Amino acid sequence: MKIILTQEVSGLGAPGDIIEVKDGYGRNYLLPQGFAIAWTKGAEKQVTVIKRARAAREIRDLGHANEVKAQVEGLKVNLKARAGDGGRLFGSVTPAEIVDAVKAAGGPNLDRRRLELPGHIKSLGSYPVSIKLHPEVTAKFDLNVVKG
């Protein structure tokens, strides 16, 4: 089955890529989740629009990715979250909240879909978080979840 990715899917590709996948994977997972659209000649024209949007928000090149990496790794990121008496959170920390905390700490705008978390963050403490800025550049920083 030929599909066009609309979002980044790890192991498959980036938005706008035209790829071939097994029928069941495409029909039962990628299409219903909104990660891809079925390939047609008309849909292929949309690829240029998707790639243009990706280029606008993507890190320009390897040098720019290294600049952003240096900026992110120098930050102290604190995230205030509601927690109970034992330090357990009401809910969990989302990637969108982490991106907002990085921005509040003076960091750049980041894409929440590129964050790599160490699992679900459901209690207070310090957690290592990494973000894939470029295929060759990954920035790592510590996220401190504090009671707020």
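The values are calculated or read from the model by the stated rules, or taken from the named source; none is laboratory data. As the structure is a prediction and not an experimental result, all values here were calculated from the model. Note: ideal-geometry Cβ built from the backbone for every residue, glycine included; neighbour counts use all protein chains shown.
Tabulated values for the structure
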{"item": "Within the range 15-116, helices (runs of 4 or more DSSP H) holding 3 or more residues that are outside the structural domain of SER130 (by TED's automatic domain parsing) and of a type outside the set (A, V, I, L, M, F, W, C)", "result": "41-57"}
{"item": "Hey, SER130 modelled with pLDDT of 90 or more, over 15 Å from the mean Cα position of the chain (by Cα) and small (Gly, Ala, Ser) or not", "result": "no"}
{"item": "The range 12-41 residues that are among the aromatic types (Phe, Trp, Tyr), paired with ones that are part of a loop (DSSP other than H, G, I, E, B) (beta carbon under 7 Å, 6 or more apart)", "result": "PHE35/THR6; PHE35/GLN7"}
{"item": "Tabulated pairs, the range 100-123, first over 13 Å from ASP142 (Cβ atoms), second of a type in the set (A, V, I, L, M) and surrounded by fewer than 14 Cβ atoms within 10 Å (Cβ to Cβ), C-beta under 6 angstrom, 6+ apart or interchain", "result": "ARG112/ALA96"}
{"item": "Test: residue in the range 102-124 that is within 15 Å of the chain's Cα centre (by Cα), more than 26 Å from GLY63 (Cα to Cα) and of a type in the set (Asp, Glu)", "result": "no"}
{"item": "Cβ-Cβ under 6 Å pairs, at least 6 apart or on other chains, the range 62-73 side touching a residue at least 40 places away in the same chain (Cβ under 8 Å), far side surrounded by 15 or more Cβ atoms within 10 Å (Cβ to Cβ) and small (Gly, Ala, Ser)", "result": "LYS69/ALA139; VAL72/GLY107; VAL72/ALA139; GLU73/ALA139"}
{"item": "So LYS147, is it within 14 Å of the chain's Cα centre (by Cα), modelled with pLDDT of 90 or more and exposed (fewer than 13 other Cβ atoms within 10 Å of the Cβ)", "result": "no"}
